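Peer 1: Quick one: the structure is below, and I'll ask about it shortly.
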Amino acid sequence: MTAIVWLRHDLRLADNPALRAAAESGAVVPVYIWDPEGDGDWSPGGASKWWWHHGLTSLDKSLRDLGSRLVVRQGRSGEILESLAKETEAESIHWNRRYEPAAIKRDSAIKESFKSRGIEVQSHNGSLLFEPWEVSTKSDAPYKVFSPFWRSCLEKESQRSPLARPQQLDGPEHWPEGDSIDSLQLEPQLDWADEFPRWWDPSEKGAQKELERFIEEAAATYKSGRNRMDVDGSSRLSPYLHFGAISPHQVWHAIDQLKPSNGTVKASYETYLSEIGWREFAHHLLYHFPHTTGNALRSEFDDFPWEPSKNELEAWQQGRTGVPLVDAAMRQLWRTGWMHNRARMVVASFLTKNLLIAWQEGAAWFWDTLVDADLANNTLGWQWTAGCGADAAPYFRIFNPVSQSEKHDPKGDYIRRWVPELEKLDTPDLFKPWEASNDALERAGVNLGETYPEPLVDLSETRKRALAAYDDMRGK
Ligand SMILES: Cc1cc2nc3c(=O)[nH]c(=O)nc-3n(C[C@H](O)[C@H](O)[C@H](O)COP(=O)(O)OP(=O)(O)OC[C@H]3O[C@@H](n4cnc5c(N)ncnc54)[C@H](O)[C@@H]3O)c2cc1C
């Protein structure tokens, strides 16, 4: 018997339920289909494409080490699966589920079409600890608040152990033809992503290394370290989780195995697992409220008086707002394809509140430039910060980039790293160069308006304007 395993956001051999099930039924044909149209409005952005290119190359190599290979094709997923099923005489098709609205619609149609022709289709859970439909409130409704959602998850059975990596994979007698990964042309044409390989190894091994680094260096102090932008205090596993180079079960299990030496360390492990819980919550929300990718969960925000400005949006995107923490974060994003979580909250608050630019604009930029761009997490993150989503920060909580720098980048190392033209400014001038004396600016070689921009907006004035806009919306 031959089974097709359709690989998508599960670029790994270990703990891969779809691959395991396919292998149990006989010969396996691992398939990847480049089908950006099938993702509807959310086809992969530039940074994601870079990751796909390298992630697929590495997966193909791992499969070849087991005597198998990755059959790559491009086009409409349903049509390609249909012809592959004919070519290989496959009797079953397996995949791990996706939760984005367009993928659910497409996958359901494919399932129905194969079922009606007598080919078995099995979907599996390879990406989440809890299926979105398995968790509900006492009145059988989806959760909109994180704490009770996570409590309810934790009350469920303990997590399964991760599945072992297959030792060998039998292939079909005749392999179907495939396209080369290069022919998909996923790598950016510009030199934009040249630095990415310094920061990321998009392979299953790369994910395990990142997890080991986190456990050795940062997990025990995660509760406080996660907020520091100047240190590597978090796991940096987000792109690996998004592309499935590691599964949440593997992460959960690795942390669960650790024996905390004291209460503080235990609290750090629990906090870390609850962040994995936020990822679960984001998928729960996306599944139950699919319209939130473009519209606020709190519908009153549809009338919010945003003030679009192309110039201000571009200054934010390019990291030249004149507010050092915001610029540092936006440049970190551009150079590495990733941004620290606290920095994400600060730049999202600055865009939606100080600049009054709609959260959808920020979400779209993140979608294109983040290597971990994830429809569930990105939608939740933006709506949370803009105050219009589930369990959101109240709208009037406006992050002050200056006090956020003082608290979470106290020596200014994060800003100096990404905004080198301010390197020589002493703290606290570094956090707010517009208040520095002429002498201090001159000593540091900073000429505001020339070597570094004047602030795009006045933080305190725009804070008041945002609160007035909020009152205006509530008045309607
Ligand atoms: C405006 C905004 C946009 C965001 N967009 C994305 C996105 O597109 N993709 C993405 O993966 N995360 C997104 N996040 C959430 C969070 O910033 C990142 O997951 C985190 O910074 C990734 O770094 P890490 O792996 O070191 O996280 P860690 O602190 O080590 O956390 C471990 C894992 O938990 C999950 N996680 C952590 N925080 C959150 C959260 N708030 N919501 C959902 N899951 C979380 C991630 O999978 C992460 O890898 C966004 C947050 C904001 C405020």
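Where a number appears in this text, it was derived from the coordinates with a stated rule and is not lab data. Values in this document were obtained by computation on a predicted structure and should not be read as measured data. Every residue, glycine among them, receives a Cβ derived from its backbone with ideal geometry; neighbour counts consider all protein chains shown.
Peer 1: Placing one identical point scatterer on every Cα of segment 222-315 and ignoring solvent, what is log10 I(q)/I(0) from the Debye formula at q = 0.12, 0.13, 0.16, 0.17 Å⁻¹?
Peer 2: Per q value, in the given order, log10 I(q)/I(0) is -0.62, -0.70, -0.90, -0.95.
Peer 1: Over the Cα atoms, compute the radius of gyration (one decimal) and Dmax (the largest Cα-Cα distance, rounded to a whole number) for the chain, in Å.
Peer 2: Gyration radius and largest Cα-Cα distance of the chain: 23.6, 80 Å.
Peer 1: Ranked by Cβ crowding within 10 angstrom, fewest neighbours first, how are TYR269, TYR414 ordered?
Peer 2: With the fewest neighbours first, TYR269, TYR414 line up as TYR269, TYR414.
Peer 1: Let me ask something additional. Please name whichever of GLY118, GLY389, GLY45 sits farthest to the positive end of the charge dipole of the chain, dipole taken about the Cα centre and charges placed at Cβ: Lys and Arg +1, Asp and Glu -1.
Peer 2: GLY389
Peer 1: While we're on this one: How big is segment 113-169 by Rg and Dmax over its Cα atoms, in Å?
Peer 2: Expressed in Å, the Cα Rg and Dmax of segment 113-169 come to 16.6, 47.
Peer 1: Right, here's the next one. Quantify how much of the Cα-Cα distance distribution of segment 2-127 extends past 21 Å, in percent.
Peer 2: For segment 2-127, the fraction of Cα-Cα distances above 21 Å is 35 percent.
Peer 1: Arranged by the count of other C-beta atoms within 10 angstrom, fewest first, what order do CYS153, CYS388 take?
Peer 2: In order of increasing Cβ crowding within 10 Å: CYS153, CYS388.
Peer 1: Taking the alpha-carbon set of segment 144-221, what are its Rg and Dmax in Å?
Peer 2: Looking at segment 144-221, its Cα Rg and Dmax stand at 20.4, 52 Å.
Peer 1: Note the direction-averaged projected area, equal to a quarter of the hull surface, for the Cα convex hull of segment 284-346, in nm².
Peer 2: 5.8
Peer 1: For the chain, what is the relative contact order in percent, using Cα pairs closer than 8 Å and at least 6 residues apart in sequence?
Peer 2: 17
Peer 1: While we're here: Given a cut-off of 19 Å, name the pairs among LYS49/LYS105; LYS411/LYS432; LYS223/LYS259; LYS223/LYS407; LYS156/LYS209; LYS310/LYS353 whose C-alpha atoms lie farther apart than that in the structure shown.
Peer 2: LYS49/LYS105; LYS156/LYS209
Peer 1: Return SER405, SER77, SER152 ranked ascending by Cβ neighbour count within 10 Å, so the fewest neighbours appear first.
Peer 2: SER152, SER77, SER405
Peer 1: List the residues whose amide H sits under 5 Å from the amide H of ILE93, counting only those 5 or more places along or on another chain, with H placed 1.01 Å from N in the peptide plane.
Peer 2: Close amide H contacts, sequence-distant or interchain: ILE4, GLU120, VAL121, GLN122.
Peer 1: Based on DSSP loop calls and a cut-off of at most 14 other Cβ atoms within 10 Å, the longest stretch of the chain free of exposed GluC sites (Glu not before Pro) is what?
Peer 2: Longest site-free region, per DSSP loop and neighbour criteria: 178-422.
Peer 1: Taking the Cα centroid of segment 1-26 and of segment 289-338, what is the distance between the two, rounded to the nearest whole Å?
Peer 2: Segment 1-26 and segment 289-338 have Cα centres spaced 38 Å from each other.
Peer 1: Let me ask something additional. Based on the inverse mean of 1/r over its pairs of different Cα atoms, what is the Kirkwood hydrodynamic radius of segment 299-475, in Å?
Peer 2: 16.5
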